[in-house]
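*Asks:* Please read through the structure below; I'll follow up with questions.
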Amino acid sequence: MKSFVRFSVIKAFVLKELTELVRTKLIIMVYMMPSMVTILFGYGIAMDVTHSRISIIDNDNSKYSSELISKFSHSKYFDVTLTHESEAEALEAIKKAQSDIVLIIPSSFEKNLLKGQKSELGVFIDAAFANRASTMQNYVQGVIQSAATTSAPMITLNTRTLFNQAMRDEDAIVPGLIGLVLLVAPAILTALLIVKEKEKGTIFNFYASPIGKLEFLIAKLLPVLMLHSLNIFILFIWATYLFDVPFRGSFFLYWLSSEIYILISLSIGMLISIIAKRQIVAVVLTVIITILPAFLYSGMLMPISSMQGISWVEAHIFPVMYYNHILYDTFLIGQGFDSPKIVLYLCILIGYVVALLGLGALFLKKEMR
Amino acid sequence: MADLHLMDAFHVSGVSVRYKDKTAISDVSFEATSGEIIGFIGADGAGKSSLMQAIAGVVRFSGEISYLGQSYHSPKEAEKIKIHTGFMPQGIGLVLYDTLTVDEHLRFFADLRDLKKDAEFLAYKKQLLHMSGLSEFVDRQAMNLSGGMMQKLSLICALLHRPKLLILDEPTTGVDPLSRLELWEILRNIAKEEGTIILVSTAYMQEASKMDRVLLFHNSKVIASGTSAELIDSIRPFVYEKSLLYKDENSLNFDETSYSLTPLQSALKEPTLEGLFFVNALKENKNIAEFVINKKENDEVIPEVVMECHGVSKQFGSFIANKEIDMKLKKGEILGLLGANGAGKTTFIKMLLGLYSIDEGELTLLGKPIKSGKDRQELKSKIGYVSQHFALYKDMSVKENLLYFASMHRIDKKAALSRIALYAKELGFEEYLGSFANELPLGVNQRFSIAAALLHEPLVLFLDEPTSGVDTLARAQFWQILGKLKEIWGISILITTHYMSEAQFCDRVVLLKNGQKVADDTVINLYKRFPQAQSFEDIFLEFYKEKG
């Protein structure tokens, strides 16, 4: 068995792949898909609610009530309309979807507060969309509590703070999207490049010639790695310029870990291509295997630290969590190589590459099945 | 002392290939020496491809193959000889990349083999391009090449590294006759000049004469081997002029010839290679039943002209599939539509059936001018169609499939069941009624597909390449059925085929070339027109050589 790797053979293959990718226009997908997913999801999954229309009926017209109203007015989360309608009319506006929230300040609001008595505010929220409603409810509570602590310090409120104040949605979601895209896209392309040859029959050029397995693998993985490396930068630009996500960490760490992560994705695609015989099967299988864990264990929907039992174990099995940890660090925190956890996670990612590539080289056979 | 002869030779001993529980080819042994062309002849599924794949080292096998004194027993062990081998698997343009040009292919294949691009290589490349007639097309992408050109390109790609053992799986199937001749010429040159051992498989019996030695494949076995002349000689005593007087399990009649293991009264006849399969069947004591076709249940009046069309054309983008075709199908006539792959046969049949719209021209079916889909609706019950890839529901038994087809034609269940039982008996697939569609041998599948097309007792049958890939025996039986249908039912049949030898079974043939009709005549008249022609293949070639 020959163990060396011939450069000319690999070059021929890579050149062929690139020519084909360009001529079949698949190259468009290579660059369109990651950017499209990032932009669509980045704008689409807005978890917070801004500019909810709140109608305030002030029956008190006191200093405290106007302070409360001004708190609402100064919040970017609310567009305030002061009305003198009746309660019924204001509620009717919610029904007609002309308003999202109605806040009713009772006439004895200031008096009660000064007397130290309990005072009740009436809040009605359009709960047609449950998530949106609970978010709005939290915001309303947050504003009232902050008003209560600043304006009437003698009043102590015994409630938990639910208000998620500084955390912007984009900051939480966009880095996670990079982790999703860079796992899915290279895997699909790799699987396609190999399975395409199986489906067409050109795989015989590999089976029946003296090309080594290693040469074939490098030849197939290298073009995908090269093409998707550019996406590391493209996605970075979308995140920092389009979505204004801060970047506080080391760019070198971001780049390095992304390249390693792409290698993991390639290896997954390659493993799938060993099983799949048709391109459509390869695509569906890749999407199922990569998208679900990338979403669930990205930390976008639910922090890993709050996971328990099986979901905690699963999150640690998939490579997504480790990469996303590094991503969030480079974007939002900036500890970089100083953090032993990040160095450990980087090593774990490298471990994935070695293990998956090893499995691929083991299972890839130069024969028909 | 090393045996020089042994070092030079190629041996296959006791090779079998199995896929799960199916034996693809069992226990083949043969050898070859440098410069020999060994032909594998047999039907689809007879085991030719599996043996070739084993030799090329791309599939697991049992037994031993040795070349240049190096023996191998698995694909892994075969790695060491792969620098000497060239393999071209079955399928037109299978190993080509659609979007790469001819020149890019040659460069890619040269790099795959890590060839030095010195003057010698460039000269050889130029020679190959010239030999294959591709010199002018170096910048054309593979997907824009004709089938023949694709095969020639695949061949020269496999030849670039000057392999000493060339394995070619059906390089000529479906290729136009002229390209086929050219391919054979290249092979002959390579064998002679390079001393290459060439293993080549084919579905065309006529190509046997071009091989130094032939292995005949049937049902996963090699049933005979030798030179073409030796093989023909071996059955000489069993082949007679047609004799209707004497019939038993030791004889059978087919197309003006009788095959018999016991001596017959009639005169001996010059045998053909096809005859080997008949004689083999007799020797294996296989029951080759004569088919009986009964009269139809409903007798309808069939018009004198069943189908007539004028100036029918079809274009796909810039590709002209059919150009101004005139054709007439008369009552009780078998009309053969012949042409190479891509000549426009299937497109034409699909237009007749309304599966493709007709771009231009007029069509009259069963006396009714066809202007819209509505005109076709009531004709559907009078037309039977078997497509190129006859689609059965794999998870339903043969009987269930047939019942389904019957219900599509609104035949009531009682009538359908009795017809299915009758056809199964007549066409000899009674024993398969309960089996699933994908378990059927190809030949049986063919008979069963025709039964499906006959269930509603059509007045005309359109058959698209029904015999493609089917073994000689099954093909003979199939033509027998068609003959009887014409005789007893009086129906007309339009059939396409790329086997030129089947022209003789047709009353009239139409030759298509590049979407155009180049001939429309009876077979006898065509032979009169080309008196020097040895076979119908030669006649077809004449038309292909003509310009335009």
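The values are calculated or read from the model by the stated rules, or taken from the named source; none is laboratory data. Computed from a predicted model, the values in this text were never measured in an experiment. Every residue, glycine as well, gets a Cβ built from its backbone with ideal geometry; the counts of neighbours run over all protein chains shown. Accessible surface areas use protein heavy atoms only, side chains included; no ligands, DNA or RNA. Shrake-Rupley method; radii C 1.70, N 1.55, O 1.52, S 1.80 Å.
*Asks:* Considering only residues that are in contact with an Asp or Glu (Cβ under 9 Å, 6 or more places away or on another chain) and open to solvent by 10 Å² or more (accessible area, probe 1.4 Å), which ones fall in the range B:196-210?
*Replies:* Within the range B:196-210, B:A203, B:M205, B:Q206 qualify.
*Asks:* Would you point out the residue of the range B:517-548, among those that are touching a residue at least 40 places away in the same chain (Cβ under 8 Å) and either open to solvent by 60 Å² or more (accessible area, probe 1.4 Å) or hydroxyl-bearing (S, T, Y) (or both), that is farthest from B:P177 (Cα to Cα)?
*Replies:* Across the range B:517-548, the extreme among qualifying residues is B:K517.
*Asks:* What number of residues within the range B:72-90 are open to solvent by 10 Å² or more (accessible area, probe 1.4 Å) and either in contact (Cβ under 8 Å) with a residue 24 or more places away in the chain or not small (G, A, S) (or both)?
*Replies:* Result for the range B:72-90: 9.
*Asks:* If you don't mind, there's one more thing I want to ask. Say we look at the range B:106-123 and pick out the residues that are at the interface with chain A (Cβ under 7 Å from one of its Cβ atoms) and in a loop (DSSP other than H, G, I, E, B); which of these is least open to solvent (accessible area, probe 1.4 Å)? If you could, list the steps in order and put the result at the bottom.
*Replies:* Keep residues of the range B:106-123 that are at the interface with chain A (Cβ under 7 Å from one of its Cβ atoms), which gives B:108, B:111-114.
Remaining after also requiring in a loop (DSSP other than H, G, I, E, B): B:113-114.
Values: B:R113: 43, B:D114: 65 Å².
Ranking the qualifying residues of the range B:106-123, first place goes to B:R113.
*Asks:* Would you mind listing the strands (runs of 3 or more DSSP E) fully within the range B:35-105 where at least 2 residues are facing chain A (nearest Cβ under 9 Å)?
*Replies:* B:85-88
*Asks:* Which one is farthest from the other protein chains (Cβ to nearest Cβ) among residues in the range A:312-337 that are over 19 Å from the mean Cα position of the chain (by Cα) and either more than 17 Å from A:W255 (Cα to Cα) or small (G, A, S) (or both)?
*Replies:* Selected residue: A:G336.
*Asks:* Identify all residues within the range B:443-471 that are part of a loop (DSSP other than H, G, I, E, B) and touching a strand residue (DSSP E or B) at 6+ places or on another chain (Cβ under 9 Å); write none if there are none.
*Replies:* Matches in the range B:443-471: B:L455, B:H456, B:E457, B:P458, B:L459, B:E465, B:P466, B:T467, B:S468, B:D471.
*Asks:* Would you mention how many residues in the range B:143-155 are closer than 15 Å to B:D176 by Cβ, within 14 Å of another protein chain (Cβ to nearest Cβ) and free of Cβ contacts under 8 Å to residues at least 40 places away in the same chain?
*Replies:* Total meeting the criteria: 0.
*Asks:* Looking at the range A:257-278, is at least one residue under 16 Å from the mean Cα position of the chain (by Cα) and touching a residue at least 24 places away in the same chain (Cβ under 8 Å)?
*Replies:* Yes, the conditions are met somewhere in the range A:257-278.
Let's see how each residue does on (1) more than 20 Å from B:T85 (Cα to Cα); (2) of a type outside the set (G, A, S); (3) modelled with pLDDT of 90 or more:
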{"residue": "B:M1", "(1), (2), (3)": "yes, yes, no"}
{"residue": "B:S13", "(1), (2), (3)": "no, no, yes"}
{"residue": "B:D27", "(1), (2), (3)": "yes, yes, yes"}
{"residue": "B:I37", "(1), (2), (3)": "no, yes, yes"}
{"residue": "B:Q53", "(1), (2), (3)": "no, yes, yes"}
{"residue": "B:G69", "(1), (2), (3)": "no, no, no"}
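*Asks:* If you don't mind, there's one more thing I want to ask. Which ranges mark the strands (runs of 3 or more DSSP E) fully within the range B:172-248 that have 3 or more residues being within 16 Å of the chain's Cα centre (by Cα)?
*Replies:* Here the list reads B:197-202, B:213-218.
*Asks:* Still on this structure, please answer the following. Could you identify the single residue in A:F4, A:F13 that is surrounded by fewer than 16 Cβ atoms within 10 Å (Cβ to Cβ) and within 14 Å of chain B (Cβ to nearest Cβ)? Before the answer, list the steps.
*Replies:* Working: A:F13 fails: surrounded by fewer than 16 Cβ atoms within 10 Å (Cβ to Cβ).
Answer to the selection: A:F4.
*Asks:* Could you look through the range A:30-44, keep only residues that are in contact (Cβ under 8 Å) with a residue 60 or more places away in the chain and not small (G, A, S), and pick out the one that is surrounded by the most Cβ atoms within 10 Å (Cβ to Cβ)?
*Replies:* So, considering only residues that are in contact (Cβ under 8 Å) with a residue 60 or more places away in the chain and not small (G, A, S), the one surrounded by the most Cβ atoms within 10 Å (Cβ to Cβ) is A:P34.
*Asks:* Restricting to the range B:466-513, and then to whatever is among the hydroxyl-bearing types (S, T, Y) and under 22 Å from B:N445 (Cβ atoms), can you tell me which residue is surrounded by the most Cβ atoms within 10 Å (Cβ to Cβ)?
*Replies:* In the first step, residues of the range B:466-513 are kept if they are among the hydroxyl-bearing types (S, T, Y); the result is B:467-468, B:472, B:492, B:496-497, B:499, B:501.
Now restrict to residues that are under 22 Å from B:N445 (Cβ atoms): B:467-468, B:472, B:496-497, B:499, B:501.
On the way: B:T467: 24, B:S468: 19, B:T472: 27, B:T496: 25, B:T497: 23, B:Y499: 19, B:S501: 17.
Taking the candidates together, the pick is B:T472.
*Asks:* Shifting gears a bit: May I ask you to list pairs of residues, at least six apart or on different chains, whose Cβ atoms are under 7 Å apart, with the first in the range B:322-336 being basic (K, R) and the second being part of a strand (DSSP E or B) and surrounded by 19 or more Cβ atoms within 10 Å (Cβ to Cβ)?
*Replies:* Qualifying pairs under 7 Å: B:K330/B:V306; B:K330/B:S492; B:K331/B:V306; B:K331/B:S492.
*Asks:* Within the range B:124-142, work out how many residues are more than 14 Å from chain A (Cβ to nearest Cβ) and not in a helix (DSSP H, G or I).
*Replies:* 3
*Asks:* Still on this model: When the residues of the range B:286-312 are filtered to those that are under 31 Å from the mean Cα position of the chain (by Cα) and modelled with pLDDT of 80 or more, which remaining residue is most open to solvent (accessible area, probe 1.4 Å)? Break it down stepwise before answering.
*Replies:* Residues of the range B:286-312 that are under 31 Å from the mean Cα position of the chain (by Cα), as a first pass: B:286-294, B:305-312.
So of that shortlist, the ones also modelled with pLDDT of 80 or more come out as B:305-312.
Working: B:V305: 46, B:V306: 1, B:M307: 0, B:E308: 56, B:C309: 1, B:H310: 92, B:G311: 22, B:V312: 4 Å².
For the range B:286-312, the residue satisfying everything is B:H310.
*Asks:* Residues being within 17 Å of the chain's Cα centre (by Cα) and assigned to a helix (DSSP H, G or I): count how many of those fall in the range B:143-171. Give the steps one after another, and end with the answer.
*Replies:* Filtering the range B:143-171 for residues within 17 Å of the chain's Cα centre (by Cα) gives B:147-148, B:151, B:168-171.
Those left that are additionally assigned to a helix (DSSP H, G or I): B:147-148, B:151.
Going through the range B:143-171 one residue at a time, the tally reaches 3.
*Asks:* For the range A:188-216, give me each residue that is away from chain B (no Cβ under 12 Å), open to solvent by 10 Å² or more (accessible area, probe 1.4 Å) and either part of a loop (DSSP other than H, G, I, E, B) or touching a Gly at 6+ places or on another chain (Cβ under 9 Å) (or both).
*Replies:* Correct list: A:I188, A:L192.
*Asks:* Is it the case that the range B:385-405 has a residue that's of a type in the set (D, E) and in contact with a strand residue (DSSP E or B) (Cβ under 6 Å, 6 or more places away or on another chain)? Can you show your working first?
*Replies:* Of all residues in the range B:385-405, those of a type in the set (D, E) come to B:395, B:400.
Pick out the ones that are also in contact with a strand residue (DSSP E or B) (Cβ under 6 Å, 6 or more places away or on another chain) and you get none.
There is no residue in the range B:385-405 that is of a type in the set (D, E) and in contact with a strand residue (DSSP E or B) (Cβ under 6 Å, 6 or more places away or on another chain).
*Asks:* Looking only at the range B:393-442, how many residues end up being more than 23 Å from B:F478 (Cβ to Cβ), open to solvent by 60 Å² or more (accessible area, probe 1.4 Å) and not in a helix (DSSP H, G or I)?
*Replies:* Final tally of qualifying residues: 3.
*Asks:* For A:I288, only one of the following conditions fails: (1) farther than 19 Å from A:T190 by Cα; (2) without any contact (Cβ under 8 Å) to a residue 60 or more places away in the chain; (3) β-branched (V, I, T). What is its number?
*Replies:* Only one criterion in (1) farther than 19 Å from A:T190 by Cα; (2) without any contact (Cβ under 8 Å) to a residue 60 or more places away in the chain; (3) β-branched (V, I, T) is unmet by A:I288, namely (1).
*Asks:* Here is a further query. Identify, by number, the condition in (1) within 20 Å of B:T173 (Cα to Cα); (2) out of contact with any His (no Cβ under 9 Å at 6 or more places or on another chain); (3) hydroxyl-bearing (S, T, Y) that B:Y124 doesn't meet.
*Replies:* (1)
*Asks:* Please work out if A:V224 is part of a helix (DSSP H, G or I), touching a residue at least 12 places away in the same chain (Cβ under 8 Å) and either of a type in the set (K, R) or more than 14 Å from every other protein chain (Cβ to nearest Cβ) (or both). Walk me through how you get there before you give the answer.
*Replies:* On the way: part of a helix (DSSP H, G or I): yes; touching a residue at least 12 places away in the same chain (Cβ under 8 Å): yes; either of a type in the set (K, R) or more than 14 Å from every other protein chain (Cβ to nearest Cβ) (or both): yes.
It is true that A:V224 is part of a helix (DSSP H, G or I), touching a residue at least 12 places away in the same chain (Cβ under 8 Å) and either of a type in the set (K, R) or more than 14 Å from every other protein chain (Cβ to nearest Cβ) (or both).
*Asks:* Mind checking which residues of the range A:314-369 are part of a helix (DSSP H, G or I), under 30 Å from B:A78 (Cα atoms) and open to solvent by 20 Å² or more (accessible area, probe 1.4 Å)? Even if it seems obvious, please write down each step before you answer.
*Replies:* Going residue by residue through the range A:314-369, those that are part of a helix (DSSP H, G or I) are A:314-317, A:320-333, A:336-338, A:340-363.
Within this subset, residues satisfying the condition of being under 30 Å from B:A78 (Cα atoms) are A:354-363.
Answer for the range A:314-369, where residues must be part of a helix (DSSP H, G or I), under 30 Å from B:A78 (Cα atoms) and open to solvent by 20 Å² or more (accessible area, probe 1.4 Å): A:V354, A:A355, A:L356, A:L357, A:G358, A:L359, A:A361, A:L362, A:F363.
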